[in-house]
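Nothing in this text is a laboratory measurement; each read-out follows from the coordinates by a stated rule. This is a predicted model, so every value here is computed, not measured. Reconstructed Cβ throughout: ideal geometry from the backbone, glycine too, with neighbour counts over all protein chains shown.
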């Protein structure tokens, strides 16, 4: 009873209770206490956590479809499903556009037609089995309905630090717009921790980005227009500019013409492959495209035939490629019909050639775009 009364006296008296707690904590500190290892601050501006601590490094396959469905798949799921890119899950009417073998610690830079970009860490991409469709990219980035992704550039884990150390000796990103503007900016300027849209290049009203690519060393840029003209310029003639600059004139366009593609080329090896909206394609030797000064009118790369007495071969060029080896090319009409052909199946002609049809295209449903068929991953 004496012990009970003593304990009740402590519980019923807050001052006594706090005294007992203080004494007992003091005993514990004397017995087990160590110096504080953390620092107490009133405010923390930024908390940095090493990504490798929270995300396990794993080789994965990231795919993005033409209609904007993305997924991250383990290499095990890919191989167990047959190891075939053509067997991936896709919604009806969709097609595989990009396939990249990456690490979960890597990131993707996604560039849009309106001149914006997003950085998307690979580990933040939802994981799916190979036969599943994936998730809409708008669930991961705030991509507006009136914009679309036109270039995907991977960044390896830890590469941003290396790029910053290289300074002006580091790689650049090159942008080519519909109106013939060309811009070159150090890739290091695109480092960010933000997930929201960021300006990649200044795009004027009525203009849009037609191509974007990484350039580790300055080479040459070949601009190809819808009306079959082209110009080959030195990349070094395009001065480095800031991230939000609008670039400089790459080609002087005729009225009603527009740039369809900007290609990274070098030397004399390889061919330039062009495709019209009626499905006519042809290759011509890169050797036949002499370097010119930036801002010129260019030279002919495809002769468009129109009229009642000739067989029309198109109204405009929809795509151009720099090919050194045989490549698969996927075609897509405005109505959503897909086709496919090999680059080596197209005729090798001079620059003024009219091409050969590579697929049955209805003139009422012409080609809207083409893209390179993704290559299978290199299995370890």
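Some notes on this structure:
- Three-way shape call for segment 106-146 based on the alpha-carbon gyration tensor, with the a/c threshold at 1.5: oblate
- Footprinting exposure proxy ranking of 285, 143, 222, fewest other C-beta atoms within 10 angstrom first, gives 285, 143, 222.
- Exposure proxy for 221, 137: other Cβ atoms within 10 Å of each Cβ, ordered fewest to most, give 137, 221.
- Cubic angstrom per residue, convex hull over Cα atoms of segment 178-298: 126
- On Cα atoms only, tilt of 2-11 relative to the major axis of the chain in degrees: 40
- The chain, Cα convex hull volume normalised per residue, Å³: 233
- Degrees, to the nearest 10: 14-32 long Cα axis against longest axis of the chain: 70
- Rg/Rh (Cα only; Kirkwood hydrodynamic radius) as it applies to segment 286-380: 1.00
- Counting every other Cβ atom within 10 Å of each residue's Cβ, 301, 79 order from fewest to most as 79, 301.
- Three-way shape call for segment 225-282 based on the alpha-carbon gyration tensor, with the a/c threshold at 1.5: oblate
- Using only the C-alpha atoms, the convex hull of segment 219-375 corresponds to 134 Å³ per residue.
- Span from the segment 85-156 Cα centroid across to the segment 187-241 one, whole angstrom: 20
- Cα radius of gyration and Dmax for segment 62-192 (Å): 15.9, 46
- The chain: relative contact order in percent, alpha carbon pairs under 8 Å with at least 6 residues between: 13
- Using a cutoff of 8 angstrom between alpha carbon atoms and counting only pairs six or more residues apart, the relative contact order for segment 219-375 works out to 27 percent.
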